[in-house]
1. Going by accessible area, probe 1.4 Å, with all protein chains left in place, what is the ranking of VAL111, VAL242, largest first?
2. Expressed as cubic angstrom per residue, what is the convex hull volume of the alpha carbon set of the stretch 172-243?
3. Could you give the angle, 0 to 90 degrees to the nearest 10, between helix 202-214's Cα long axis and the longest principal axis of the Cα atoms of the chain?
4. Can you give the helix-only mean residue ellipticity at 222 nm for the chain, where every DSSP H stretch with n ≥ 4 adds -39500 (n - 2.57) and the sum goes over all residues, rounded to the nearest 500 deg cm²/dmol?
5. Roughly what % of Cα-Cα distances in the stretch 32-158 sit above 22 Å, to the whole percent?
6. Percent relative contact order of the stretch 1-110, based on C-alpha pairs within less than 8 angstrom and at least six residues apart?
7. Between the stretch 4-53 and the stretch 90-127, what is the C-alpha centre distance in whole Å?
8. Tally up the carbon and sulfur contribution to the accessible surface of the chain as a whole percent, 1.4 Å probe, everything protein left in place.
Amino acid sequence: MERSRIAVAGASGLIGSALVRSLRADGHEVVRLVRRAARGAGEVCWDPAGQYVDTAGLAGCDAVVNLAGAGIGDRRWTDAYKREIRDSRVLGTAALAEAVAAMPDPPRVFVSGSAMGFYGDTGDRVVDEDAPPGDGFLPSLCVEWEEAAAPAREAGVRTVFTRTGLVVARGGGAWGRLFPLFRAGLGGRLGDGRQYWSFIALHDEVAAIRFLMETEGLSGPFNLTAPDPLTNGEITAAMARVLRRPALFPVPAPVLRAALGEMAGDVLGSQRVVPKRLLESGFTFAFPGIEDAIRAA
């Protein structure tokens, strides 16, 4: 890809910060969307809740990548926090999509974050991008989240949705909490461990976003998960092997429900999601296996 100007919302998050580093390392100009007054040409002011974007700052951008949103697992799912999770994604996506659609010379592509939570609990059933949405808070959130990008798509901007799985990374997300526990010898399966976890190495997450951004003709939803999902029990065993620590402390389902409330249903739920469209498009995973992904993190 030739040197490009790329705007990134959510640039300070786990995935966003890694994406920004990758793009800048390859000589691209990155514009970060910030929720305060911009400090120089490398920043653009926006207010997701207020539906405001300084579109002048997006001028000349070849791509806009939206990874903004309150952390799904950062806090217990009270009604107030569920509203915050929803609004941070739906209102932010709508603001960016409308800004992109209104530009006289819009970017070539709008990459909008989504999540494998779209599918809900799939049990042992393998699902790809053709599967319908599931039931519950996360599936309904993902549907609204993706629908909010309609203005960009209707304006003719190539629009991609990244339905991301559980990102294997040291510095955040689910694995950011798992690594310290396992290093301390306190790791173990969650519930009965038979629920499927569809994971992806942070390196592959960033590479997939860039692949989708750079490859003309690709649009719509793409599952960003490794090709072979594993059960929580299999992943627990892999963590123990790689970190050379015992995994002797399973967390019973009732304890999880007491600690996490409604969110426990998604921790204990099973999502066997595969990246059918990504593989068919020619993307190659650098760390397709769980042990390689853990070592990379």
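1. Values: VAL111 0, VAL242 30 Å².
From most exposed to least exposed: VAL242, VAL111.
2. Working: hull volume 7.5 nm³, N = 72.
Per-residue hull volume (Cα only) is 104 Å³.
3. Approximately 30 degrees, to the nearest 10.
4. Numbers: 11 runs with 113 residues, N = 297.
When only DSSP H runs of four or more count, the value is -11500 deg cm²/dmol.
5. Working: 3217 of 8001 pairs.
Summing the P(r) tail past 22 Å for the stretch 32-158 gives 40 percent.
6. Working: 174 pairs, mean separation 30.4, N = 110.
Value for the stretch 1-110: 28 percent.
7. A separation of 17 Å, based on Cα centres.
8. On the way: 6630 of 12860 Å².
Carbon and sulfur together cover 52 percent of it.
The values are calculated or read from the model by the stated rules, or taken from the named source; none is laboratory data. Model, not experiment: these values are computed from the prediction. For neighbour counting, all protein chains shown are included, and Cβ atoms are generated from backbone atoms with ideal geometry for every residue, glycine included. Please note that ligands, DNA and RNA were not included when accessible areas were found on the heavy atoms of the full protein model with its side chains. Shrake-Rupley method; radii C 1.70, N 1.55, O 1.52, S 1.80 Å.
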